[in-house]
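Below is one structure, written out as structure tokens, with a few remarks after it.
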Amino acid sequence: MITAPASLTHTAAVARLGHALSDPTRAGILLALRENAAYPADLAESLGVSRQVMSNHLACLRGCGLVESVPDGRRSRYQLTDEHLAPALNELMRVVLIVEPDCCSGEGCTC
């Protein structure tokens, strides 16, 4: 069975996802948001980056269409834009474990 070639739209969407995942901080943000929405300051602290760096990465992820800002009083929290993203990221982690089985060892692993 031959699969139909991807359209330019599909190719661009996959490229955006690849760009988002190409940076360890952005990848960490996406993985952190699999379970729950989070505030930028909390994400910055958990990933060990400044708030300014976090702001820049969140802007990139918003531009890629992967996260959205949700007003919460005077603050905003971030969440994945679509319910299919968390299972897709979980599946991607399974693939990573096949390619690089030693990446996740120990009891603290949350893959």
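The values are calculated or read from the model by the stated rules, or taken from the named source; none is laboratory data. Here the structure is a predicted model, which is why all the values come from computation and not from measurement. Glycine also receives a Cβ, built like all others from the backbone with ideal geometry; neighbour counts cover every protein chain displayed. Quick note on the areas: whole protein, heavy atoms, side chains included, nothing else; ligands and nucleic acids left out. Shrake-Rupley method; radii C 1.70, N 1.55, O 1.52, S 1.80 Å.
Overview of results
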read-out: Largest-first ordering by accessible area, 1.4 Å probe, given options R74, R51; value: R74, R51
read-out: Cβ-derived FRET efficiency at R0 22 Å, T81 paired with D42, nearest 0.05; value: 0.70
read-out: Which labelled figure in (1) 15.4, 54; (2) 14.4, 43; (3) 35.8, 117 is Rg and Dmax of the Cα atoms in Å, once derived from the coordinates; value: (1)
read-out: Computed over region 1-50, the ratio Rg/Rh where both radii use C-alpha atoms and Rh is Kirkwood; value: 1.19
read-out: Lys, Arg +1 and Asp, Glu -1 on Cβ, resulting dipole of the chain about Cα centre, debye, nearest 20; value: 420
read-out: R0 of 25 Å, Cβ-Cβ distance S55-R34: FRET efficiency to nearest 0.05; value: 0.75
read-out: Sequence-distant residues sharing a close amide H with V67 (under 5 Å, placed H); value: R62, T81
